[in-house]
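Trainee: One structure, pasted below without further comment.
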Amino acid sequence: MSRIYKDRFCIFLSSVELVDSIVNHPTPITINEKPIKIRKYYNPDKRIIISNVCPTIPNETVLSELSNIGINSNSQIIHLRAEIKK
C-alpha cells in the first residue's frame, strides 16, 4: 500500500480476479469510524519516449507510423531537450 494524491491510498493485490471481486462487490471498509470507498484505478494511457529521431522528420509522419503498428496518440508530440553538462 502507498499514499497517492489527495490523501488517497493505492493498494496492490496479488491478482486481477481479487481486484475484480473487491471492486464488483464492494464491502465498506471502516477506519476510525470513517467509511472508505473502494474503486479500481485504471489508466490506459502510456508515455512513449522516442529518441534519435532526425529533426527533419515531421511529427505527422511519426504519428502515422505509430498508428500503422497499432499505437494511437492521445496528445501531441512533445520535444524533450537533452543537455550535456560539462
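Trainee: Just one of (1) under 22 Å from the mean Cα position of the chain (by Cα); (2) modelled with pLDDT of 85 or more; (3) not aromatic (Phe, Trp, Tyr) trips up ARG8, so point out which.
Mentor: Answer for ARG8: the failing condition is (2).
Trainee: Which of the residues spanning the stretch 15-33 are under 19 Å from the mean Cα position of the chain (by Cα) and open to solvent by 100 Å² or more (accessible area, probe 1.4 Å)?
Mentor: none
Trainee: A further question on this structure: For the stretch 53-79, name all the residues that are assigned to a loop (DSSP other than H, G, I, E, B) and either in contact (Cβ under 8 Å) with a residue 60 or more places away in the chain or not β-branched (Val, Ile, Thr) (or both).
Mentor: CYS54, PRO55, PRO58, GLY70, ASN72, SER73, ASN74, SER75, GLN76, HIS79
Trainee: Check SER67 against each of (1) surrounded by 10 or more Cβ atoms within 10 Å (Cβ to Cβ); (2) in contact with a helix residue (DSSP H, G or I) (Cβ under 7 Å, 6 or more places away or on another chain) and name the one condition it does not meet.
Mentor: (2)
Trainee: Go through the stretch 11-52 and report how many residues are farther than 30 Å from HIS79 by Cα and assigned to a loop (DSSP other than H, G, I, E, B).
Mentor: So the count comes out to 15.
Trainee: What are the pairs with Cβ atoms under 7 angstrom where one residue, in the stretch 2-13, is surrounded by 10 or more Cβ atoms within 10 Å (Cβ to Cβ) and the other, located anywhere, is in a loop (DSSP other than H, G, I, E, B) and of a type in the set (Ser, Thr, Tyr)? Sequence gap at least six, or different chains.
Mentor: CYS10/TYR41
Trainee: Can you report the number of residues in the stretch 1-10 which are assigned to a loop (DSSP other than H, G, I, E, B) and touching a Phe, Trp or Tyr at 6+ places or on another chain (Cβ under 7 Å)?
Mentor: Adding up the residues that qualify gives 1.
Each row is one residue, and each column tells you yes or no for (1) open to solvent by less than 90 Å² (accessible area, probe 1.4 Å); (2) under 30 Å from PRO26 (Cβ atoms).
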| position | (1), (2) |
| --- | --- |
| ILE36 | yes, yes |
| LYS46 | no, yes |
| SER73 | yes, no |
| ALA82 | no, no |
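Trainee: Out of ASN52, ASN59, report the one residue that is open to solvent by less than 100 Å² (accessible area, probe 1.4 Å), modelled with pLDDT of 80 or more and of a type outside the set (A, V, I, L, M, F, W, C).
Mentor: The conditions single out ASN59.
The values are calculated or read from the model by the stated rules, or taken from the named source; none is laboratory data. Computed from a predicted model, the values in this text were never measured in an experiment. Note: ideal-geometry Cβ built from the backbone for every residue, glycine included; neighbour counts use all protein chains shown. With ligands, DNA and RNA removed, areas are computed over all heavy atoms of the protein, side chains included. Shrake-Rupley method; radii C 1.70, N 1.55, O 1.52, S 1.80 Å.
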